[in-house]
Amino acid sequence: MRGALLSAVCSVAAALCAAPAWAQQSGMFKDWIVGCDEVRHCVAIGTSPVDAENHASLSLARGGRGSDRVERVLIAVDAELEPSLRTTISADGEALGTLVAERVEDLDSEGNLLYVSRDPALIASLLAALRKAQTLELIHAGTTYRISLAGASAALLWIDERQARLDTVSAFVRKGSKADDTVRPPTAPAPIRAAIDPAAAELDPRAAAALAAPLRAGLPPDVCEEPNPDSALLDRAWRLDGEHQLLAISCYSGAYNFTAYWYLIGRDGKATPVAFHEASDEVDGESEINALVNGDFDPARATLSAFYKGRGIGDCGEISERVWNGRSLELASQLFMTDCRLVPWSLWPQLVKREVIGRPEP
């Protein structure tokens, strides 16, 4: 077990939560993390206490329409997956029902045992337990896993507020007599149309270095480390189409996080910083709106992906995708986990989820 890794709380909130949008779309209540996307699809995640020896996490989601309900509950356990394995889940010692371990097509459990329930009766019992019990417990192969319910009720109330369900019959916590159709339907953002150019490709290292040289020369002293061909600290560039190039100037390297400054270069050779953050955000203590951690561009999919790791095993931080639309890089997907609690990244709350048109599957 990896419980010893949590001997000290690891939080990435200070590095990531400065973004105003995140402050509105995510939250943490004791041992529970919540987040909603732009169409009010919300996720709540319960974790084991920080000092637990064995770790598990529970994830449930509900859409933003009045008729939406929780359709499944997922429990990830820090153990190898054994499909079809059954176990009983209890709340404060009272058995609630049986969970079955399975692989889920739309999720990667990353080596964790993943229990799934789609049983409406068990889901209803679990939701009731989240409002009044102290601990969920399941036993796998003789090992007991506990999920703390400290903060669960507050987390569900937060979702009720974001989904405008307070005092409705479908509210998690503050139920009332209002009908579900009083919940205003969410408006989906316009889809992103990927600009896929058959000639798009990564430039060779010498061409990338030539593009980066004048920009490096204009940076204040000691802002960037020097490129190192023997490490990941290497400037990179891509041809996007006949008029645009994308440049990444590698500046900082660490054990598992590598930061680069990103620029869009037009036909006239002018380099414009790519804005990844609000001007008020802070990255590494400075206002660096074009800094991105662990970024990589896939020209075949016109997609810039990034994974900021709160620590080396990658169980917290931020995962994002931006898509080139022919003019700019639009944020298409963003997952976020505030605390390092051994929660698989595929269960993290998704704060941004945009439809992308014209992009091939990975």
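The values are calculated or read from the model by the stated rules, or taken from the named source; none is laboratory data. Just so it is clear, the structure is predicted and the values come from calculations on it, not from any experiment. Neighbour counts are summed over all protein chains in view; Cβ atoms, including those assigned to glycine, are modelled from backbone coordinates with ideal geometry. Please note that ligands, DNA and RNA were not included when accessible areas were found on the heavy atoms of the full protein model with its side chains. Shrake-Rupley method; radii C 1.70, N 1.55, O 1.52, S 1.80 Å.
What the table below lists for this structure:
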{"item": "Contour excess over end-to-end distance, with Cα ends at A150 and R118 and 0.36 nm allotted per residue", "result": "9.1 nm"}
{"item": "(1) 70, 47, 47; (2) 67, 47, 36; (3) 69, 61, 39, with the label sought being that of the calculated Cα extents along the principal axes in Å", "result": "(2)"}
{"item": "Solvent-accessible ranking of F172, F307, largest area first, probe 1.4 Å", "result": "F307, F172"}
{"item": "Label-point separation, E361 to D268 (7 Å along Cα→Cβ), nm", "result": "4.3"}
{"item": "Which of E38, E226 is most accessible, then next, and so on - probe 1.4 Å", "result": "E226, E38"}
{"item": "For the stretch 248-256, 3J(HN,Hα) per residue [Karplus equation, 6.51 cos²θ - 1.76 cosθ + 1.60, θ = phi - 60°, Hz, x = Gly/Pro]", "result": "10, 9, 6, 10, 10, 10, x, 5, 9"}
{"item": "Per-pair calculated FRET efficiency, R0 = 25 Å: D106 and A179 via Cβ, rounded to 0.05", "result": "0.20"}
{"item": "About the Cα centre, charge dipole magnitude for the chain (Lys/Arg +1, Asp/Glu -1 at Cβ), debye", "result": "1120"}
{"item": "Surface accessible to a 1.4 Å probe, M28 within the full protein complex, Å²", "result": "70"}
{"item": "Stretch gain in nm, segment E226-D167, where the contour uses 0.36 nm per residue and the Cα spacing is subtracted", "result": "15.4 nm"}
{"item": "Rounded if a/c under 1.5, otherwise prolate or oblate - the stretch 219-270, Cα gyration tensor axes", "result": "prolate"}
{"item": "Per residue solvent-accessible surface (Å²) - the chain, probe of 1.4 Å", "result": "47"}
{"item": "Lys pairs under 22 Å by Cα in the chain, provided they are eight or more residues apart or on distinct chains", "result": "4"}
{"item": "Accessible surface, 1.4 Å probe, highest first, among residues Y252, Y261", "result": "Y252, Y261"}
{"item": "Gain on full stretching of the segment that runs from D296 to A255 - 0.36 nm per residue minus C-alpha separation", "result": "13.0 nm"}
{"item": "Whether the stretch 238-362 is rounded, prolate or oblate, judged on the alpha carbon gyration tensor where a/c under 1.5 counts as rounded", "result": "oblate"}
{"item": "Share, in percent, of DSSP beta bridges within the chain that are antiparallel, nearest 5", "result": "95"}
